[in-house]
Every structure is written in structure tokens, then in C-alpha cells.
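A short worksheet on the structure shown next.
The values are calculated or read from the model by the stated rules, or taken from the named source; none is laboratory data. Quick caveat: nothing in here was measured; it's all calculated off a predicted structure. FYI the Cβ positions are ideal-geometry reconstructions off the backbone, even for glycines, and counts take in every protein chain you see. For the accessible areas, the whole protein counts, side chains as well, though only heavy atoms, and no ligand, DNA or RNA atoms are used. Shrake-Rupley method; radii C 1.70, N 1.55, O 1.52, S 1.80 Å.
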Amino acid sequence: MKQVLAAPSILAADFGRLAEAVQSVEQAGADWIHVDVMDGRFVPNLTFGPKTVADLRPVSALPLDCHLMVENPQDHIESFAKAGADYFTFHIEAAVHSNRVIQNIRAAGMKPGISLVPGTPVHFLDEILAEVDLVLVMLVNPGFGGQHMLPSCLEKLVTLASIREEQGLRYRISVDGGINAENARRAIEKGADVIVAGSAFFEAKDKATAVRNFRGR
Ligand code: DX5
Ligand code: ZN
């Protein structure tokens, strides 16, 4: 059975108490901490920058799964690497020279991830799937937490899982947006192996149970 990882998003946390939020993710037994970076241009919202990542780095040993919803992602590679980011996932829609960005992320010592918004088809990634460690499939239009999942996006997981199998590739398939304890299983059945959840984690009374549910068991 494939191992499914749970990656709670601190976008849904109280930003005045981010260290406590990160500790609660670790205590709940989750695998990664998902950090949503928004620049107010690629998406209509502003959140964290490299200083937040650097300040949170010593709070937990869990990997920091940074999701950059920003224009010009190449401009932020060095600062996020210095801050201690583990994954640097950027949007295919934001980078013309995506192959170069991926190479630069790896050269900076981070794991490269690529993401796509609901309106972008999987085949836009054809030429770079062999180069990335993570593909993050957005199930909502990015910018805000607490939205409803768009079920049609789940079919992209089937495509990504079969390409991975056919071509012998190794990327993880992550899903992000509107995931809760009930629909996580559906995403896993379609091919997801990393479950990102913001509201459903931070609103859960029993966070350890929420994490187990995200993993589909
Ligand atoms: C949305 C972000 C997501 C968000 C998910 O733009 O990329 O990571 O935090 O939040 P929920 O789980 O509340 O939809
Ligand atoms: Zn995200």
C-alpha cells in the first residue's frame, strides 16, 4: 500500500501564534508543514515570506513544504533556501523558463515541485514531469483557504499517476484546496499521496484523528 502523507496548511492558523500552530501540526502526527506563500499578484492575497520560514524552521523538524503562489518564482529561490525550506513548489502558470527554475531550486539544495491551477491541463507539465519531486494539483482557485473543492480537478490525479507508472517517474502527487476528512479518501483513490488541508485541520477538535483521516484510514 502506498504511503500517504498529511501536510496541514498553516494558512488556516492564527498568524499571531504561528509557532504554536506548527507545534500542533507536529503533535498531531502529521508529516509535512504546508506553507502558502502569496504575493498579492499571482493570487489576490498576501501571506508569508522567507523570514516567516526562517523563524519557523527551528520550531519543528518536519519538512517545510513551501507552495509559492507568486509571480517570478525564480527571484525567491535563494532566500527560501537560506530560510530552510525543504520543498519549493511554484506554478507552471508563473514561469516561462520552468525547466531552469527547477534546476535552480535543486542547485540551491531544495526539492522542486510544480503546481497547476484548476484551469491548467496536466499536459502543460509533460516536458518537466521527469525533473520534479512533487506535483501539486490545486483543487480550488488559489488565494484563499476554506473554499469548496472542484471535483472535476480530481481526474488530473488519475492522469498524473498513470504517467508516473508508464514512465517510471518518482514524483509525489499532492492535492490542495477544500480537502476534508470525507473527501480525502476520494483523492487518494484517484492517485494523491500527499494531502494538504488547512481549514479541516485547524478547525478539527481532535487533530490526530483528522490527520489519520487525511491519510485515508
Ligand atoms: C489555497 C492554498 C491552500 C489552502 C488550503 O490557495 O494553496 O493550501 O491553505 O486551505 P483549505 O484546506 O482550507 O482549502
Ligand atoms: Zn497550498
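A residue that is assigned to a loop (DSSP other than H, G, I, E, B), open to solvent by less than 60 Å² (accessible area, probe 1.4 Å) and either closer than 30 Å to Gly40 by Cβ or within 13 Å of ligand 2 (Cβ to nearest atom) (or both) occurs nowhere in region 151-170. Just one of the listed residues (Asp31, Asp36) is open to solvent by less than 20 Å² (accessible area, probe 1.4 Å) and under 16 Å from the mean Cα position of the chain (by Cα), namely Asp36. Any idea which of (1) charged (D, E, K, R); (2) touching a helix residue (DSSP H, G or I) at 6+ places or on another chain (Cβ under 6 Å); (3) closer than 21 Å to Thr89 by Cα is the one Arg164 doesn't satisfy? So the condition that Arg164 fails would be (2).
For region 88-117, residues that are out of contact with any Leu (no Cβ under 7 Å at 6 or more places or on another chain), open to solvent by 20 Å² or more (accessible area, probe 1.4 Å) and not in a helix (DSSP H, G or I) total 5. When each of Ala61, Ala54 is tested for being open to solvent by 10 Å² or more (accessible area, probe 1.4 Å) and either in contact with a helix residue (DSSP H, G or I) (Cβ under 7 Å, 6 or more places away or on another chain) or within 16 Å of Ile114 (Cβ to Cβ) (or both), the lone residue that passes is Ala54.
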